[in-house]
1. Which whole-number percentage describes the relative contact order of the range 191-282, with Cα contacts under 8 Å and a sequence gap of 6 or more?
2. Note down the net charge around ASP228, summing +1 for each Lys or Arg and -1 for each Asp or Glu among other residues with Cβ under 10 Å from its Cβ.
3. Taking the Cα centre of the range 183-258 as origin, work out the dipole magnitude from +1 charges on Lys and Arg Cβ and -1 charges on Asp and Glu Cβ, in debye rounded to 20.
4. Which links in LYS9/LYS116; LYS116/LYS143; LYS53/LYS172; LYS53/LYS150; LYS9/LYS221 stretch past 21 Å when you go from one Cα to the other?
5. Per residue, how big is the convex hull of the range 136-282 when only Cα atoms are used? Give it in Å³.
6. Taking the solvent-accessible surface of protein heavy atoms with a 1.4 Å probe, what is the per residue accessible area of the range 166-241 in Å²?
7. Note down the net charge around THR199, summing +1 for each Lys or Arg and -1 for each Asp or Glu among other residues with Cβ under 13 Å from its Cβ.
8. With r defined as the distance between the Cβ atoms of ASN52 and ALA197 and R0 fixed at 25 Å, what FRET efficiency is calculated, to the nearest 0.05?
Amino acid sequence: MSAKIIDGKAVAASIREELKGRVAELAQRGITPGLSVILVGDNPASQVYVRNKERACIGVGMNSQVIRMPETTTQEELLDRIDQLNADPSVHGILVQLPVPNGIDSWQVIQRIDPKKDVDGFHPVNTGALFSGEPGLIPCTPKGCLELIKREGIDIAGKNAVVVGRSNIVGKPMALLLLSEHATVTICHSRTKDLGAVTREADILVVAIGRAQMITGDMIKPGACVIDVGMNRLPDGKLCGDVDFASAEQVAGFITPVPGGVGPMTIAELLVNTYEACVRNG
Ligand code: GUN
């Protein structure tokens, strides 16, 4: 059996198209959602991510501002810039691209962003709301993964969901989102014993560990839905996920490719969060 490939690129395009219409409606009332992205330093991967975010914003008719600050920026300077954006009524979403350079404490940075403008969903007010099942801004990558599962028509309630990875950006919020959909959730990580024995029980398997092709077909339950959050570069320069696609697609029922799976969804959900922050808070 060969898995159905979940086309994240196509789903993201349709989300952006829906959003474009809603942004146009807002424009008739003289409102344009605005996203400000702060990039500190010159991490090459971050530069690409930030450029893609900016392009996507403009594509749906939102305002986008990228604030580039040098590697030598102090924590105080960065916090001051965030304060200015917090006070600017034309800015509805603020995102500080991570990682920030050594010497800057990302936890202090995250806490400084107005939770109403925290389109990453990393502020403790928003993570706390997710924990408590209350409305708030939800981190973009796990939100995008959940959207892919739902749009595929996969029932989540009562299913065994296994999340591999326990990061604040993906693993932990993903587990909470699946729990809120009534899955039975297990979180695995680098110290998990016999990872394959756990992942083989998963009806829904979300993998976000940052290790190329670590999850192989023999670790997957036949027919499972496999969501691969990984983005790794192989020695030959090719991009690949945390799942070994060739062996996994022989076993899974559904699988996301890399590239073209979760990646485009992260950006689409960032736009959705920016729109929602704008509508909720003017
Ligand atoms: N770096 C890698 N992923 C992310 C993300 O989702 N948000 C931010 N701000 N930085 C990141």
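The values are calculated or read from the model by the stated rules, or taken from the named source; none is laboratory data. Everything quoted here is computed from the prediction, not taken from an experiment. Glycine also receives a Cβ, built like all others from the backbone with ideal geometry; neighbour counts cover every protein chain displayed. These accessible areas exclude ligands, DNA and RNA; they are computed on the full protein's heavy atoms, side chains included. Shrake-Rupley method; radii C 1.70, N 1.55, O 1.52, S 1.80 Å.
1. Over the range 191-282, the number comes to 26 percent.
2. -2
3. For this selection, approximately 220 debye.
4. Exceeds cut-off: LYS9/LYS116; LYS53/LYS172; LYS53/LYS150; LYS9/LYS221.
5. So the per-residue hull volume is 109 Å³.
6. 51
7. -4
8. Given R0 = 25 Å and the Cβ-Cβ separation, E is 0.10.
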